[in-house]
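The block underneath contains the structure these notes are about, expressed in structure tokens.
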């Protein structure tokens, strides 16, 4: 009598190594149906932005190739997962469906619906922890709330020791023949008219193999100077792992264990690796926040900000989105984002501060723009970061911290090479002027081919007056 197959449902873990559900399916001694379901039906599951959809398409192609290398196939379907998996289980006479848990309320609701649908057919279902280093249940306070301050949270995580060891990739995944599948192109994830993804293609190589290579390069080379250089957008000093983590092409456990091993092998890299792991900790912290607050992208964590006097300024928002604010470091970051789907983390803080404090535009408008344009638009990191800058989030920056974009540029892009790359119309300005071209003499501007207000915009707001206005707006909350 033939052995009934097992379905491995790929969700946000698009890899084969350290994939608990795939590992369990491969160990079952049965054929394995590997499936990804594009869920565009479930309510409350946030639709991916444009850049993330592009990444997902490439990641699925990479996963297809990885599966074929071990004899498997990736079945692509579209719809509500409960309906799709119930139908697929019936088609293939599956005995069980395995998946990795996603510790977010909407995805847990989806998983519960799948479990119920399968139970009605007498089909086993099993989920496995995956996207967090620590089970949120172990970090509850006496009142049931999760962590709200990063430093004690991270100290507690570190004190808990290493997470479970990473699981190996399966050597073989015998498929079930004849299972119908969509093509990646049928999912319509990539832009066509117009095709704006040229910069993304030039910048990124999605997939598990690329993620592992990036991690190895970072730990073996870049980590040595990471602590000192990580805030420099003019240097290639970071890991570039964020989108790979976002789509589960590499797991936080794999990153953790590889980093710990590298620190022991290369003591000179230990300081940088510890700092790097604390950034992994911020990802974990944000995910734990999202576990408690599914409305993280739409509601202030600090309710006092519900009455903040945000300004509705569509022209200013558009200038910020296009990188035409007249502040070089801000405009460089926004243009980098549009072209490549990413932005250096220090510059993310600068441009976010500029939007919510210089322009007094609601942080949610910025969060939504990042959600659509970042390849690493993470449902936890993105809103948590915006709320941190706005001053309304967990462990947030104080509202009176208003980044001066000129000083930030001079400090972190001292030679101006970052601005020159992304704002080429300023390329001929010397370093002392490139972060404040309005301070250049007319002759200096002319010799650099710059006409303020024409070839490069004049600042849309004065820093000093904007800071005073922001502090006055925040003072209204204290009075109320």
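Bear in mind that the values in this text are calculations on the coordinates, not laboratory data. Predicted model, so just to flag it, every value in this text is computed and none were measured. Here Cβ is always computed from backbone atoms with ideal geometry, including for glycine, and neighbour counts include all displayed protein chains.
Each 5 Å bin from zero holds the following percent of Cα-Cα pairs in region 52-105: 4, 13, 17, 24, 26, 13, 2.
Listing 266, 435, 244 from fewest to most neighbouring C-beta atoms within 10 Å gives 266, 435, 244. Cα centroid distance between region 274-341 and region 347-388, in Å? The two parts, judged by their Cα centres, are 1 Å apart.
Here the gap between residue 124 and residue 471, fully extended at 0.36 nm per residue and compared with their Cα-Cα distance, gives a gain of 119.2 nm. I'd like the distance between the alpha-carbon centres of region 409-466 and region 210-259, rounded to an integer number of Å. Cα centres, region 409-466 to region 210-259: 31 Å. Let me make sure I get this right: for region 6-130, a, b and c are the square roots of the gyration tensor eigenvalues over alpha carbons, sorted descending. Under 1.5 in a/c it's rounded, otherwise prolate if a/b > b/c, else oblate. Which is it? Because a/c hits 1.5 or more and a/b fails to exceed b/c, region 6-130 counts as oblate. Oblate is the label for region 335-480, because the ratio a/c of its alpha-carbon gyration tensor axes (a ≥ b ≥ c) is 1.5 or higher and a/b is not greater than b/c. Starting from the Cα gyration tensor of region 269-379, take the square roots of the eigenvalues, sort them a ≥ b ≥ c, and report rounded, prolate or oblate (rounded when a/c is under 1.5, otherwise prolate if a/b is larger than b/c, else oblate). Oblate shape, in that a/c is at least 1.5 and b/c is the bigger or equal ratio. Note on the chain: helix-only mean residue ellipticity at 222 nm, from DSSP H runs of 4+ residues weighted -39500 (n - 2.57) and normalised by residue number, equals -14000 deg cm²/dmol. For region 6-130, averaging the sequence separation of C-alpha pairs within contact (under 8 Å, six or more residues apart) and dividing by the residue count gives a relative contact order of 34 percent. For 468, 208, the sequence from fewest to most other C-beta atoms within 10 Å is 468, 208. Computed from the C-beta positions of residue 236 and residue 428, the FRET efficiency with R₀ = 22 Å rounds to 0.40.
Using the Cβ-Cβ distance between residue 155 and residue 266 with R0 = 30 Å, the FRET efficiency computed as 1/(1 + (r/R0)^6) comes to roughly 0.75. Relative contact order for the chain: 17 percent, from Cα pairs under 8 Å spaced at least 6 residues apart, divided by residue count. In region 303-479, Cα pairs under 8 Å separated by at least six residues give a relative contact order of 27 percent.
Each peptide among 150-161, 271-282 gets the average number of other Cβ atoms lying within 10 Å of its residues, and from highest to lowest they stand as 271-282, 150-161. What is the angle, in °, between the Cα long axis of helix 463-479 and the longest principal axis of the Cα atoms in the chain? Nearest 10 is fine, range 0 to 90. So the helix axis and the longest Cα principal axis differ by about 60 degrees. Each of 299, 392 was scored by other Cβ atoms within 10 Å of its Cβ. Listed from fewest to most, they are 299, 392.
Compared with the dominant Cα axis of the chain, that is its longest principal axis, helix 50-69 is turned about 40°.
For the chain, the longest principal axis of the C-alpha atoms and the axis of helix 252-265 are separated by about 70°.
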